Every structure is written in C-alpha cells, then in structure tokens.
1. Using beta carbons and a limit of 6 Å, which pairs, at least six apart or on different chains, have the first residue in the range 299-314 and more than 11 Å from THR203 (Cα to Cα) and the second one in a loop (DSSP other than H, G, I, E, B) and of a type in the set (A, V, I, L, M)?
2. Scanning the range 183-230 for residues that are at pLDDT below 95 and of a type in the set (Val, Ile, Thr), which turns out nearest to ILE141 (Cα to Cα)?
3. Within the range 135-146, does at least one residue satisfy the condition of being touching a residue at least 40 places away in the same chain (Cβ under 8 Å), farther than 16 Å from LEU111 by Cβ and in the same structural domain as PHE59 (by TED's automatic domain parsing)?
4. Across the range 256-298, what is the total count of residues that are within 25 Å of GLN180 (Cα to Cα), free of Cβ contacts under 8 Å to residues at least 60 places away in the same chain and among the aromatic types (Phe, Trp, Tyr)?
5. If you scan the range 1-21, which residues turn out to be within 26 Å of the chain's Cα centre (by Cα) and at pLDDT below 95?
6. Which residues, taken from the range 276-321, are more than 30 Å from ASP155 (Cβ to Cβ) and out of contact with any strand residue (DSSP E or B) (no Cβ under 8 Å at 6 or more places or on another chain)?
7. Only residues that are modelled with pLDDT of 95 or more and in contact with a helix residue (DSSP H, G or I) (Cβ under 9 Å, 6 or more places away or on another chain): list them for the range 256-281, please.
8. So, in the range 271-297, how many residues would count as being under 13 Å from LEU172 (Cβ atoms) and in contact with an Asp or Glu (Cβ under 8 Å, 6 or more places away or on another chain)?
Amino acid sequence: MLTDINLHSIKNQKNISDYFVNGNFRSLSLNCNILKENFYSDSFYYYPITNNDETFSDFFLRDSINVSHFYSKKFFENFINNKNLFKSFNDIYLLGSNSANNYYSNLLHFLPRIFFNNRTNIKIAIHRNSSNKYREFIKTILKSLNIEFNFVFLDDDFYHFTNSEFPQFLSLNNSIKILQKFFNPISNLQNSKKIYVTREDSTYRKIINEDDVITLLRENGYRVINPQLYTIEEQIGIFSDAEKIIAPYGSNLANIIFCNPGTEIIEISPLFRDNEKIFEERYSNLSLINKLKHQKIVAETIDVNQHSELAKKYIHHNVLSKSNYYKNLILKIQDLKDII
C-alpha cells in the first residue's frame, strides 16, 4: 500500500528530505518545496508517488481534489501491475494544468509554481487540453524571465518521471501574492469602469435571459466583456481597471485577484447544494483576500440540453444532471435592478 509521508518526517528524516530541493520567490520571501526525484504521477490529480510507493499529501493536495482512493487496495494493486507500462519522461518540470482547462485552477493552482524554477532551460509538462491562450500566457512569462523552454504535453494517463522536478501546490494566499507581484497592469483609459462578463460561449451557467440583462446593464453604463475574445494579459488589464464587475459564477472571475481594493463584485450564482460549499464560497473568498466588495444574486437554474464532450468526459453523468453547478441560469431582472 502507499505510504503518506507527513511534514514532520519530510523535515526530519534525511532520506526523505533529500527528495526535495527548495525554490524561492525572493521578492516575497516565499519558499516552495520541489520534489526532485524519480516519481510517478497522473495528469488529473497530479499526486506524485515515489519509486518507494510514498506520497506527500501535505504538499500535493489541491482544493476540491479527493485522493482517498489512492490508498485503497484496488488502486495499489492496479498501480503495481501497470507501473512498468507507463510512458516515461526524463528531466521534466512538472507544472501540469487542469485536464479540463479550467481557468481558475490553471491560474491559481498550477501557474504560480512556475516562478520557483531556477533553471534557464527547461522542459515543462502541461496537459494537452490546455488552451492556446494559456500556452501563450506561459510563453510570455518564461520569455520575460529569460527562460528557454519546450512544452511536453500530457494526456489522460499515469506517467513515470525520472530526474524531474515537481513543485508543491501553494496556498491560495501565496498564489495570489505571487501573481499580483509579477503582474503589474498598466491602466488603459479605454477600459470601462463598469463591466459585465458574459458566459455566452459556455455550455453551462449561461444566463438564458441574457439579452434582457445586457439591455438593462448597458442602460446603466456597463460594457459587455467576453473573455474569450481577449488574451489573458488583456483580461488582467480589464479587471484591474474596473470599479464594478457583474458576472455569472465562472472561472473568469478568478481575474478579480487583479482588481483594486474596494472594487464591487456582483456574482450571479446558482443555489449550491450542501456538498458544494467549496464552490459556493470560491469568489467570496477571493474578494475577502483582496478586500473587494462582494455581493451575490442567486438565480434560478434550468437543465442543460447538451453538455460538451469535455464535460461528459471528466464529470460523472449523475453530477452533470443533478448539480446546479452544471446548469444554466435565469436571472430575475428585478433582482438585478435592486442591486445596481
């Protein structure tokens, strides 16, 4: 069975501590433990397993990720029987990315760890499903750091990484500090102070009566923003200049970490179920950390006729059909009038 090595053992047992090197983000005095060893990892949970069947939950857990099945007898037997069949990569910096290309996860879970690399030439592994926009964003960062690199693309599988580096996942607070420190948006006078962020290109959590919503908001001086039409750098600039933001719940709201303190955030959200609290509080938590004024309008939900192939691939059909997270929204116009 797999053995979970706790933080005390990592610090105090030399044979374990030797697995790790220290990365440093000097301008903030932040440290990152980097697993530098031969290890196995999948491309969904990104939960490394050493050649000695050891894991490190203190370093490699992310919110909303449950790895309890890694410690089952069934998993271990399957892992042992197949480990020699896993494709192998050598000398990799395992940054990783969300298998479903979720922007919130890519921006706040995966990306900040890139700043702890101290080499000038690396092979960086991300999931093949990552968007071209996200890849270009990584390229821009590495170019500014004078780092030469090549991408290695991972599919949905387990892999064996030799002589490779895997930086730990950081706390949300530290991830935000790093991103805010590195990105210092320059104000653009053409950007609007009041914006509405549409999800018109998404397959769920779209506002069904969005035409009526947009009509009202434009009458009140709001500009409609479709993030799909902007680079990530442009999105950062738009959010940093805004004073009022209205948006359906969705990963593009992760950009509020670049807003100035006091910015008003109005989130249009479904009524989440009891087991979905981690989603319900996601953007109110970001607002609290960044001293933003967060409000929420709870909208009615309606079933989605056809989910995307990507959603159906990674999310169980029972979850897609029952969870309000994966439904569309109908917003009462009066509720919006009352809050703006």
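The values are calculated or read from the model by the stated rules, or taken from the named source; none is laboratory data. Since we're looking at a predicted model, the values are computed, not measured. Every residue, glycine among them, receives a Cβ derived from its backbone with ideal geometry; neighbour counts consider all protein chains shown.
1. ALA299/LEU331; TYR314/ALA100
2. Once the filter is applied, the top-ranked residue is ILE186.
3. No, the range 135-146 contains no residue that is touching a residue at least 40 places away in the same chain (Cβ under 8 Å), farther than 16 Å from LEU111 by Cβ and in the same structural domain as PHE59 (by TED's automatic domain parsing).
4. 1
5. ASN6, LEU7
6. LYS277, GLU281, ASN285, LEU286, ILE289, ASN290, LYS291, listed by residue number.
7. If the condition is that a residue be modelled with pLDDT of 95 or more and in contact with a helix residue (DSSP H, G or I) (Cβ under 9 Å, 6 or more places away or on another chain), then ILE256, ILE257, PHE258, CYS259, ASN260, THR263, ILE265, ILE266, GLU267, ILE268, SER269, PRO270 are the ones that fit.
8. Looking only at that region, the number is 3.
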